[in-house]
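Engineer: Please see the structure below; I have some questions.
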Amino acid sequence: MKKIHWRKWNNILHRDIGYLAVGLTIIYAISGIAVNHVEDWNPSYEIRRVPVQTTPIKAERHDELLQAVLQKMNIAEQPESSFRPSPKEIHVFFKNKTLKLDVLSGKGEWEIVEKRPLLYEFNYLHLNHAKRWWTYFADLYAVALLFLAISGMFVLKGKNGLAGRGKWLTAIGFLIPIFFLIVYN
């Protein structure tokens, strides 16, 4: 009976699955860093504010005011919606931008929303907004990462392997998240 060289197959599978996982690991890592700092910035969209100034606009009815704003601001695009948060303000919504205007002073701003190149797409996948088949693919990727973590512990033998310093590094790898869970809970 031929002896099965489990370590050889472990190393082959670890290497090949690792190569398959590289692209998605890079995407998930970049997206993970971006969404970890969501309190500091919007990782998917850039929001620019551009000040505008026009003359004061007077109108009694909302639809008249809206038409007067579009005419004075020389806006040909039809808005998706609009509303008045107060008697002196109007907000006009277009696709990917909003005009906020103080109709008494004529001061306002455009708020322009643009997708961040690549980051929007990376976050879309990472946060599983795609759903459907992507969910199963992401689950398969998670299983591959689990395999890589476990099989990686058996790639090396001796003092650099799991029997040597590997056991200490593995223990530290488990203790770090436990430490943060204890500290933050």
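Here is a yes/no grid of residues against (1) at negative phi; (2) in contact (Cβ under 8 Å) with a residue 60 or more places away in the chain; (3) open to solvent by less than 90 Å² (accessible area, probe 1.4 Å):
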| position | (1), (2), (3) |
| --- | --- |
| Val103 | yes, no, yes |
| Trp110 | yes, yes, yes |
| Leu119 | yes, yes, yes |
| Lys157 | yes, yes, no |
| Leu169 | yes, no, no |
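Engineer: Among the residues of region 26-56, which ones are loosely packed, with under 12 Cβ neighbours inside 10 Å and of a type in the set (Ser, Thr, Tyr)?
Structural biologist: Answer for region 26-56, where residues must be loosely packed, with under 12 Cβ neighbours inside 10 Å and of a type in the set (Ser, Thr, Tyr): just Thr55.
Engineer: So, one more: Could you grab me the full set of residues in region 10-69 that are closer than 23 Å to Ile150 by Cβ and over 25 Å from the mean Cα position of the chain (by Cα)?
Structural biologist: Result: Asn10, Asn11, Ile12, Leu13, His14, Arg15, Asp16, Ile17.
Engineer: Moving to a separate point now. So if I check each of Gly161, Gly173, Gly152, which one is closer than 30 Å to Gly23 by Cα, over 30 Å from the mean Cα position of the chain (by Cα) and of a type in the set (Gly, Ala, Ser)?
Structural biologist: Of the residues listed, the single one that is closer than 30 Å to Gly23 by Cα, over 30 Å from the mean Cα position of the chain (by Cα) and of a type in the set (Gly, Ala, Ser) is Gly161.
Engineer: State which residue is most open to solvent (accessible area, probe 1.4 Å) when the search covers only region 60-88 and only residues that are among the aliphatic types (A, V, I, L, M) and without any contact (Cβ under 8 Å) to a residue 12 or more places away in the chain.
Structural biologist: Ala76
Engineer: Can you pull out every residue in region 99-136 that is more than 18 Å from the chain's Cα centre (by Cα) and under 27 Å from Ser31 (Cα atoms)?
Structural biologist: Once the filter is applied, which keeps residues that are more than 18 Å from the chain's Cα centre (by Cα) and under 27 Å from Ser31 (Cα atoms), region 99-136 yields Glu111, Ile112, Arg132, Trp133, Tyr136.
The values are calculated or read from the model by the stated rules, or taken from the named source; none is laboratory data. Here the structure is a predicted model, which is why all the values come from computation and not from measurement. Positions of Cβ are generated from backbone atoms using ideal geometry, with glycine treated the same way; all protein chains shown enter the neighbour counts. Just so you know, the surface numbers come from the protein's heavy atoms only, side chains and all, with ligands and any DNA or RNA stripped out. Shrake-Rupley method; radii C 1.70, N 1.55, O 1.52, S 1.80 Å.
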